[in-house]
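Asker: First the structure, which I've put down as structure tokens, then a few questions once you've had a look.
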Amino acid sequence: MDLLKRLFWGKYRFYAISTGAMLVWMFFLDTNDLTVQYRLWNELSNMKSEKAFYQQKIKELEKERRMVVGNPALLEKYAREKYLMKKPKEDIFVIVDENNQPIEH
């Protein structure tokens, strides 16, 4: 208690009050206060996980592309299955599951 009394009523009163006011301003009143920092930190961690997900998807697509590029039969199969492309005078039937999603074999 004696320390607090000395800080606020002693010769360092101006510095203690200024520091306290600055800390209150930074942590609670500023536009980048603690809640904003916490929200931004969560958003950053979500973006990092999304980045890892998309990098994995890119690797999978690159692998598929390497398989398909040199082989015309695989290219046709890939175009028919993934993009529902067809030859002239040909009908396409898409079988869907209970969630209305196409079933891939």
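What follows is calculated from the coordinates using simple rules that are stated; it is not laboratory data. What you see is a predicted model; the values in this text were computed from it and never measured. Note that each Cβ is placed from the backbone with ideal geometry, even for glycine, and that neighbours are counted across all protein chains shown.
Asker: Please identify the trypsin sites (Lys or Arg not before Pro) of segment 63-105 that satisfy two criteria: DSSP loop assignment and at most 13 other Cβ atoms within 10 Å. Which are they? Provide the component values of the computation, followed by the final result.
Answerer: Values: sites: Lys63, Arg65, Arg66, Lys77, Arg80, Lys82, Lys86, Lys89; in loops: Lys86, Lys89.
Sparse-neighbourhood loop trypsin sites (Lys or Arg not before Pro): Lys86, Lys89.
Asker: If you stretched the chain out fully between Leu29 and Tyr78, how much longer would it get, using 0.36 nm times the residue separation minus the C-alpha to C-alpha distance?
Answerer: Contour length minus the Cα-Cα distance gives 11.9 nm.
Asker: Whole-Hz Karplus ³J(HN,Hα) for segment 82-99, in order, using 6.51 cos²θ - 1.76 cosθ + 1.60 and θ = phi - 60°, x for Gly and Pro?
Answerer: 7, 10, 6, 6, 9, 7, x, 6, 10, 9, 10, 10, 9, 8, 10, 8, 5, 8
Asker: Provide the gained length on full extension for the span Asp91 to Trp41, in nm with one decimal, where the gain is 0.36 nm per separating residue minus the Cα-Cα distance.
Answerer: Extra length from Asp91 to Trp41 when fully extended: 12.9 nm.
Asker: Can I ask one more? Sequence gap of 8 or more, or different chains, plus Cα separation below 29 Å: how many lysine pairs satisfy both in the chain?
Answerer: Close lysine pairs under the 29 Å cut-off: 20.
Asker: Here's another thing I want to ask about it. For segment 13-29, just list the computed ³J(HN,Hα) in residue order, Karplus coefficients 6.51, -1.76 and 1.60, θ = phi - 60°, integers in Hz, with x standing in for Gly and Pro.
Answerer: 4, 4, 5, 5, 5, 5, 5, x, 5, 5, 5, 4, 4, 5, 8, 10, 9
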